[in-house]
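Student: Structure provided below as structure tokens; questions to follow.
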């Protein structure tokens, strides 16, 4: 807003809270865990669940539910930021790092298109899934991840707005070219960095 | 690429909907127009420069530089009590939008439509009903509106007025009027079987409300045979206010 006089809402005082520097611009804190999704919640029984990574060369790596659970598990505690302006601090999860899942995947791709049971998709640069920045999680707050929050398993990429953390995740396609996903073709920002407030296309 | 900019919005009028909700009408010079079902971000700035923002659904059809929001006051909320109780005509906020290209109904769509509202989830669905009326659309609409009791209805008079091609059923979860045939209770299969469309008609279904309601209603629609791709959902929470 530099150089502009901002519009004051007369009589509005607001409620400043001391979150230190953990709240990105335009966000407010919540204690509960709101749910956002575009359609009905898919129900995926673990025995029918599988997760697949498809490379740009057409090679597929698959994990069944027992195979996925047998991988080394991590327990990240992270802050999450939804584009609808709520943030939740110190959420605790359990799951498998994408570094682990991609360890034996031979790829030179730059982009990832994440897809979900139910048809949802979201895209991000592959490097945003690497180096301890992303997980496929199946437990939240010490309990099984509920279907409305993306169970059996969802992607967790906490450094981007939460729509990138696809619920009911089914697989990731590694691509040479960027291919916008569901919200990214519906007016939302292609990358979605909360610290740069990249909510909508053009931000 | 169209960039969404913050625009000054002046309150030009308001209407109470219930004891805790009111509709605010803003004049927003430069407003680019919107589709039924879309929402906006509203930013409030205090004298000392502190500011915060929230998302609200648009309640009305495109109307030049005017937009309407219906806001439910969340107890102890930071923003909604200001919008519902304190703000007066002539006061300003900033509005950015419209946002959302998925939970929308377009007047050229002639398919049957089923709207399922839980509480304040009626707001974007009302924008669809009003857009349909304004456009003279012949798309057949049915609304199933679940709410605590008759006193909690938004847009009550307007929804009871005849609107050809629109059927409305009210479902009360806690308090029913005297002589009502349906006892108080949460939405059930029969409510959507009777108040909705047979799945064979292939209606577009729009479900909006709190999470528990949306989960339940969407599951019931699937159980009635509606295709998952035809069910669009939007969640409203009392969260954060």
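Student: Points 7 angstrom from Cα along the Cβ direction at residue B:184 and residue A:43: gap in nanometres?
Tutor: Once both label points are built, they end up 2.9 nm from each other.
Student: Quote the FRET efficiency, to the nearest 0.05, computed for residue A:17 versus residue B:160 with a Förster distance R0 of 56 Å and r equal to the Cβ-Cβ distance.
Tutor: Working from the Cβ atoms, E equals 0.85.
Student: What shape does the stretch A:36-133 take by its C-alpha gyration tensor, where a ≥ b ≥ c are the square roots of the eigenvalues and a/c under 1.5 counts as rounded, a/b above b/c as prolate, and the rest as oblate? Let's see the in-between values first.
Tutor: Details: a/c = 1.33, a/b = 1.25, b/c = 1.07.
Here the stretch A:36-133 falls in the rounded category.
Student: Sum -39500 (n - 2.57) across every DSSP H segment of at least 4 residues in chain A, then divide by the residue count to get the 222 nm mean residue ellipticity, nearest 500.
Tutor: So the calculated ellipticity at 222 nm is -1000 deg cm²/dmol.
Student: May I ask you to sort B:95, A:8, A:80 by Cβ crowding, counting other Cβ atoms within 10 Å and putting the fewest first?
Tutor: Arranged by neighbour count, lowest to highest, B:95, A:8, A:80 become A:8, A:80, B:95.
Student: Could you work out the mean count of beta carbons from other protein chains within 10 Å of each residue's beta carbon in B:140-151?
Tutor: If you average over the peptide's residues, the count of other-chain Cβ atoms is 0.
Student: Something else about it: Ranking request for peptides A:171-182, B:33-44: highest mean number of other beta-carbon atoms within 10 Å first, then the rest in descending order.
Tutor: Top to bottom by mean Cβ count within 10 Å: B:33-44, A:171-182.
Student: Using the alpha-carbon centroid of each, what span in Å lies between the stretch B:36-88 and the stretch A:107-155?
Tutor: Result: 33 Å between the Cα centres.
Student: Could you list B:214, B:113, B:28 so that the one with the fewest beta carbons within 10 Å of its beta carbon is first and the one with the most is last? Walk me through the numbers before you get to the answer.
Tutor: Details: B:214 27, B:113 24, B:28 20.
Least to most surrounded, the residues fall as B:28, B:113, B:214.
Student: OK, next. Taking R0 as 22 Å, what's the FRET efficiency between residue A:144 and residue A:100 from their Cβ-Cβ distance, rounded to 0.05?
Tutor: Plugging the Cβ-Cβ distance into 1/(1 + (r/R0)^6) gives 0.60.
Student: Under a crude label model (7 Å from the Cα following the beta-carbon direction), how far is residue A:108 from residue A:176 in nanometres?
Tutor: The answer from the label model is 0.9 nm.
Student: While we're looking at this one, here's another question. Using only helices, what value at 222 nm comes out for chain B when you add -39,500 (n - 2.57) per DSSP H run of length 4 or more and divide by the total residues, to the nearest 500 deg cm²/dmol?
Tutor: Mean residue ellipticity, 222 nm, calculated: -4500 deg cm²/dmol.
Student: Rounded if a/c is under 1.5, else prolate if a/b beats b/c, else oblate: with a ≥ b ≥ c from the C-alpha gyration tensor eigenvalues square-rooted, which is the stretch B:82-167?
Tutor: Values: a/c = 1.99, a/b = 1.35, b/c = 1.47.
Oblate is the answer for the stretch B:82-167, as a/c is 1.5 or above yet b/c matches or exceeds a/b.
Student: Would you mind calculating the relative contact order of chain A from Cα pairs under 8 angstrom and at least 6 residues apart, reporting the percent as a whole number?
Tutor: So the answer I get is 22 percent.
Student: Sticking with this one: Mind checking B:43-50 for the average number of partner chain beta-carbons within 10 Å of each residue's beta-carbon?
Tutor: Across the residues of B:43-50, the mean count of other-chain Cβ atoms within 10 Å is 6.
Student: Still on this structure: Given the options A:83, A:105, A:114, state which has the largest fluctuation in a GNM of chain A using a 10 Å cut-off (strictly under) for Cα springs.
Tutor: A:105
Student: Over the stretch B:7-99, calculate the relative contact order: mean separation of alpha carbon pairs under 8 Å at least 6 apart, over the residue count, as a percent.
Tutor: On the way: 199 pairs, mean separation 35.4, N = 93.
Worked out over the stretch B:7-99, it gives 38 percent.
Student: On average, how many beta carbons from a partner chain sit within 10 Å of the beta carbon of a residue in B:3-9?
Tutor: 3
Student: Which shape class applies to the protein assembly as shown: rounded if a/c is under 1.5, otherwise prolate when a/b exceeds b/c and oblate if not, where a ≥ b ≥ c are the square roots of the Cα gyration tensor eigenvalues? If you can, show how the numbers build up before the last one.
Tutor: Values: a/c = 1.80, a/b = 1.28, b/c = 1.40.
Oblate, because a/c is 1.5 or more while a/b does not exceed b/c.
Student: Hey, another quick one. What is the distance in Å between the Cα centres of the stretch A:171-203 and the stretch A:18-69?
Tutor: A separation of 16 Å, based on Cα centres.
Student: For the protein assembly as shown, give me the percentage of DSSP beta bridges that are antiparallel, rounded to the nearest 5 percent.
Tutor: Values: 63 of 91 bridges.
In the protein assembly as shown, approximately 70 percent of DSSP beta bridges are antiparallel ones.
Student: For chain B, what is the relative contact order in percent, using Cα pairs closer than 8 Å and at least 6 residues apart in sequence?
Tutor: 19 percent
Student: Shifting gears a bit: By count of other Cβ within 10 Å, fewest leading, how are A:122, B:52, A:77 ordered?
Tutor: A:77, B:52, A:122
Student: I've got another one for you. Sorted by average packing, counted as other Cβ atoms within 10 angstrom per residue and highest first, what order do B:66-73, A:62-69 take?
Tutor: Per-residue mean Cβ counts within 10 Å order the peptides as B:66-73, A:62-69.
Student: Could I ask something else about it? Between residue A:185 and residue B:88, with labels modelled 7 Å along Cα→Cβ, what's the label distance in nm to one decimal, could you check?
Tutor: Those two pseudo-labels are separated by 5.0 nm.
Bear in mind these aren't lab numbers, they're just calculated from the coordinates by the rules spelled out. The structure displayed is predicted, hence computed values, not measured ones. Every residue, glycine as well, gets a Cβ built from its backbone with ideal geometry; the counts of neighbours run over all protein chains shown.
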